[in-house]
1. Against the definition (in contact (Cβ under 8 Å) with a residue 40 or more places away in the chain and of a type in the set (S, T, Y)), how does T13 come out, yes or no?
2. Please find, among S200, S182, the residue that is over 20 Å from A249 (Cα atoms), in a helix (DSSP H, G or I) and among the hydroxyl-bearing types (S, T, Y).
3. Here are G158, G138, G131: which of them is small (G, A, S), out of contact with any helix residue (DSSP H, G or I) (no Cβ under 8 Å at 6 or more places or on another chain) and not assigned by TED's automatic domain parsing to the domain that holds Q74?
4. For S176, indicate whether it is outside any strand (DSSP E or B) and either within 21 Å of S273 (Cβ to Cβ) or over 11 Å from the mean Cα position of the chain (by Cα) (or both).
5. Among the helices (runs of 4 or more DSSP H) lying completely within the stretch 207-305, list those that include at least 2 residues that are among the β-branched types (V, I, T).
6. Do we find a residue being under 30 Å from A117 (Cβ atoms) and of a type outside the set (A, V, I, L, M, F, W, C) anywhere in the stretch 222-230?
7. For the stretch 1-19, what are the residues that are over 22 Å from the mean Cα position of the chain (by Cα) and not in a loop (DSSP other than H, G, I, E, B)?
Amino acid sequence: MTTAAYAAVDWGTSSFRLWIIGENGAILAERRSGEGMTTAATAGFSAILESHLRAVSAAPHLPVVICGMAGARQGWVEAGYLDTPAPLAAIVGAAVTVADDNRDIRILPGLAQRDEAAADVMRGEETQLLGALSSLEGGSHLVCMPGTHSKWVRVTGGVVEGFSTFMTGELFEVISRHSILSHTLANGGAFDGSDPAFASAVAAAVRNPALATNLLFSIRAGQLLHGLAATQAKARLSGILIGLEIGGAHGLAKAGSNICLVASGPLAALYQSALSAAELPSVTIDADDAVRLGLAAAARALWPA
C-alpha cells in the first residue's frame, strides 16, 4: 500500500476539510466537518485536528500543511499576509510553524493589497489560486473564486498583481431579507443559470452598472405591474448582483486576460451561465481540486524528500 506523505487541511470559518495524501499523490483518506475556526476557537485547534487524524489512523509524526482561517488573527497561529504584487511561489516561504511536540505543522499565509484606495485581503483563496494556476498556461489571467465574498484575482506570469473582493453573496442575503424586495422574494423557489430572468439581469447589469439601484427596484415594480413570480424575482436579483460583480472585475483586468472560474457544484454552474450571458469565455477548475493541488504544491516545497 502507498505510504502517507502528509495531511492537507483547508480550515474555513465554518468548515474543516482534511485529506491524507500518499507518496504517489493519491488521496488515501478524507474528512469533512463543520468544525471551522469559530468552533475550534473554543474546542481547540490541536484537539480537532488530532481527532480527525486519529479517525483515519494517521501516523503520529505525519506532517500537516494548512490553509485558511487557522492562520487568521483569531485562529490557531497568525500566519499574516504577503503583500501584492506577490509571486505565488512566495506563499510557501512565508508559512508559519505551529509549536507541536510530535508533528511538523505549517500554516500558509494570506494575501494583502495595502493600497488605501483599494485595500483588500484574502485567506485560503491564495492556496486555491496556487493550485488553479498549475493547470493553466502562462500569460495574464483573471481568476474568479465565487462565494459569499467573491474574489477576482489578476495574475500575470505567476505573480498576483492585485485582486478585488465583491460582497455579492452577502448582499443577496441582506437585500432579500431586509429590504423592500423581501416581500417580492418571499417564498421564491430554487433557480439556476438557465432561467431567462437570471441571464437577462446579468446582461443588463454588465451593460448599465450605473443603473444598479434602479435595476433592483424594477424587481419590485415587476411584481406589482406584471405579476413577476417570486422565483423569477430571486433569479433577477442574483443576476443583477453577479452581473455587477463580473462587470466590475473585468473592467479592472488587463485586456486579453484569460478568465478562469474556480468553483464547484451549483455555484460553478451559476457563474458559468453568468459569464456566458456577459459574453465572456472562461475555463472552469473544480474548487476542491484547486485547493488540494495548492496544498500539494506547498507540501512538495516544504518537504522535498
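1. When the stated conditions are applied, T13 passes them.
2. Exactly one of S200, S182 is over 20 Å from A249 (Cα atoms), in a helix (DSSP H, G or I) and among the hydroxyl-bearing types (S, T, Y), namely S182.
3. When all the criteria are applied, what remains is G138.
4. For S176, the condition - outside any strand (DSSP E or B) and either within 21 Å of S273 (Cβ to Cβ) or over 11 Å from the mean Cα position of the chain (by Cα) (or both) - is met.
5. 212-226, 230-252
6. no
7. Result: A4, A5, Y6.
Each row is one residue, and each column tells you yes or no for (1) of a type in the set (S, T, N, Q); (2) out of contact with any Lys or Arg (no Cβ under 9 Å at 6 or more places or on another chain).
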| position | (1), (2) |
| --- | --- |
| S218 | yes, no |
| Q232 | yes, yes |
| N258 | yes, yes |
| G265 | no, yes |
| A274 | no, yes |
| D289 | no, yes |
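The values are calculated or read from the model by the stated rules, or taken from the named source; none is laboratory data. Quick caveat: nothing in here was measured; it's all calculated off a predicted structure. As a convention, Cβ positions derive from the backbone with ideal geometry for all residues, glycine included, and neighbour counts pool all protein chains shown.
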